Amino acid sequence: MANAPILSQEEHARIAEAVARAEEKTSAEIRVAVSTTPLVGHTHHVTLWAALIALVLPWLVILLVPMPTLRLLAVQAAAFVLLCGILAIPSVARGLVPRREKRMAAQVLARQVFLAHGLHQTAARTGILILVAPEERLVEVVADTGVHEALGADAWQRICDAVSAKASGGALGEGIVQGVTLAGELLGGPMPVRPGDRNEVPDRVVML
């Protein structure tokens with residue numbers, strides 16, 4: 001059976017509608033992107049932890065059960081293979097990746113997507129990207145200079161918190177809608193809609 005999509009078609013439509021409504025309040029251009037795959041590969045973390053445990057554990061065992069060197073090496077090899085299998089289970093492997101590494105990967109991806117989708121090319125430098133990585137439970141906001149100077153980092157953290165508050169309870173689509181809505185409210189004050197303002201960036205969600 002195929003896995004259920006991260007966002008349903010209805011949620012896609014609700015998010016796009018939320019972006020359109022938010023941009024009725026501000027001249028900023030809002031884009032949402034959602035990662036559908038892990039940001040950090042687990043393989044080298046699995047191998048590293050399996051090797052470390054297999055190296056240390058048999059030496060602890062030998063204190064209780066003396067054994068010849070060759071047998072010890074065989075136990076280490078068997079332990080390494082067994083641990084690789086156990087630690088490679090996705091739910092286990094995810095926990096082996098340091099939070100700092102996940103955060104750095106999210107930041108790098110957010111900047112790549114920001115540039116790849118031309119959010120740095122809006123007329124007044126008002127592009128803003130909300131990147132959501134459900135696998136890592138991370139949200140990143142990247143804003144162009146015109147937007148960042150108007151609001152600053154505290155505003156981006158509030159948007160991230162708004163998304164996470166709902167997403168952590170399993171309502172990812174609702175969380176994104178809430179974050180987009182808050183972005184429109186925050187941006188509407190210092191960056192209201194200007195005469196002749198046009199939509200420079202599509203409202204639909206980018207699935208990565």
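The values are calculated or read from the model by the stated rules, or taken from the named source; none is laboratory data. All of these numbers come straight from a predicted model, not from anything done at the bench. Glycine also receives a Cβ, built like all others from the backbone with ideal geometry; neighbour counts cover every protein chain displayed. Quick note on the areas: whole protein, heavy atoms, side chains included, nothing else; ligands and nucleic acids left out. Shrake-Rupley method; radii C 1.70, N 1.55, O 1.52, S 1.80 Å.
Structural remarks
- Taking the conditions (1) assigned to a loop (DSSP other than H, G, I, E, B); (2) open to solvent by 30 Å² or more (accessible area, probe 1.4 Å); (3) out of contact with any strand residue (DSSP E or B) (no Cβ under 6 Å at 6 or more places or on another chain); (4) farther than 18 Å from Gln112 by Cα in turn, Met191 satisfies each one other than (2).
- Options Asp197, Asp161: the member that is at pLDDT below 85, of a type in the set (D, E, K, R) and under 26 Å from Ala116 (Cα atoms): Asp197
- Candidates in the stretch 149-181 are the residues that are of a type in the set (Ser, Thr, Tyr) and part of a helix (DSSP H, G or I); of these, the one that is farthest from Arg111 (Cα to Cα) is Thr181.
- Checking Ser27 against (1) in a helix (DSSP H, G or I); (2) more than 19 Å from the chain's Cα centre (by Cα); (3) modelled with pLDDT of 75 or more, the condition it does not meet: (1)
- Restricting attention to the stretch 141-158, the residues being under 17 Å from Val201 (Cβ atoms) and either of a type in the set (Val, Ile, Thr) or at pLDDT below 90 (or both) number 6.
- From Gly184, Gly146, residue being closer than 25 Å to Gln9 by Cβ, in contact (Cβ under 8 Å) with a residue 40 or more places away in the chain and not in a loop (DSSP other than H, G, I, E, B): Gly184
- Residue match in the stretch 63-84 (condition: within 26 Å of Val163 (Cβ to Cβ) and either modelled with pLDDT of 70 or more or exposed (fewer than 13 other Cβ atoms within 10 Å of the Cβ) (or both)): no
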